[in-house]
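The values are calculated or read from the model by the stated rules, or taken from the named source; none is laboratory data. For clarity, every value in this text was computed on a predicted model and none was experimentally measured. Neighbour counts are summed over all protein chains in view; Cβ atoms, including those assigned to glycine, are modelled from backbone coordinates with ideal geometry. Accessible surface areas use protein heavy atoms only, side chains included; no ligands, DNA or RNA. Shrake-Rupley method; radii C 1.70, N 1.55, O 1.52, S 1.80 Å.
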Amino acid sequence: MDVRLRDAEVSDFDAITALYAGEVARGVATYELEAPDTDVMQQRWRAIVDGGYPYLVAESDDGFAGYAYASAYRTRAGYRWTVESTVYVAAHARGAGVGRRLMTALIERCTAQGFRQMIAVVGDADNAVPVRLHERLGFQRSGRFPGIGRKHGRWLDGLQMQRALGDGATTPPSE
Ligand SMILES: CC(C)(COP(=O)(O)OP(=O)(O)OC[C@H]1O[C@@H](n2cnc3c(N)ncnc32)[C@H](O)[C@@H]1OP(=O)(O)O)[C@@H](O)C(=O)NCCC(=O)NCCS
């Protein structure tokens, strides 16, 4: 699939909101239970971009194909070199390398910006697709959280996966 990546724009948010709403309603990648509307998704985007984090969109010849962004892993200052990654691919575009392209670009951007660790929180530790995607990109399993979430009438084990960016923890960061 021919895929182009770029920074997200206001006009992407109907498609982003619809994709996320599908995952809220039917998936377990997010533990959110009520889908936010477009205004809320745009507010979240602006907060992420204003915080200095990348928010990327993938487009194919069929149009919008997915999105990925980085955000603060935790807000306490000592965590400021660690980002949490998020990636969603539109149902019609899955299995064609879009998630891998988005995540590769996100890793490159975050590395160039000086971040040192990236963490992905997989909502269902037994879901092979996101686990494999992240493993292929160099993430390692760094913690399983039994029964940490509940959705669709079942308890969910969360899985935290992590990879170093750039020098990781081997050299001091630049301020
Ligand atoms: C997880 C997700 C982002 C993957 O995106 P994608 O574009 O379908 O993935 P890719 O085509 O880039 O494939 C990435 C890897 O996963 C594997 N994969 C993709 N679909 C698969 C499937 N249905 N079954 C098994 N493996 C699969 C691919 O084989 C590939 O591994 P490989 O390089 O060893 O072949 C996408 O399925 C998605 O949006 N899921 C819902 C949201 C979600 O779970 N987000 C992750 C939150 S941490």
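Below, the figures for the structure above:
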item: 222 nm mean residue ellipticity, helices alone, for the chain (DSSP H n ≥ 4; -39,500 (n - 2.57); rounded to 500); result: -9000 deg cm²/dmol
item: Rounded FRET efficiency, nearest 0.05, which uses the C-beta distance separating Tyr31 from Val10 and R0 of 35 Å; result: 0.85
item: Estimated distance in nm for a label pair at Thr171 and Glu135, the labels positioned 7 Å out from Cα along Cα-to-Cβ; result: 3.1 nm
item: Kyte-Doolittle mean at least 0.0 and Cα axial length at least 15 Å: DSSP H helices in the chain; result: 13-26, 98-112
item: In Å², nearest 10: area of Arg150 left accessible to a 1.4 Å probe; result: 120 Å²
item: Three-way shape label, the stretch 61-151, alpha-carbon gyration tensor, a/c 1.5; result: oblate
item: Debye, to nearest 20: dipole size of the chain, +1 on Lys, Arg Cβ, -1 on Asp, Glu Cβ; result: 760 debye
item: Per-residue HN-Hα couplings for the stretch 54-65 [Karplus 6.51, -1.76, 1.60; θ = phi - 60°; Hz; x = Gly/Pro]; result: x, 9, 10, 10, 10, 10, 10, 5, 8, x, 4, 10
item: The chain: C-alpha gyration tensor shape, a/c 1.5 cut-off, then a/b vs b/c; result: rounded
item: Sites Arg46 and Trp155 - FRET efficiency at Förster radius 35 Å, r taken between beta-carbons, to 0.05; result: 0.55
item: Å² of accessible area per residue within the stretch 9-153, as computed with a 1.4 Å probe and no ligands counted; result: 52 Å²
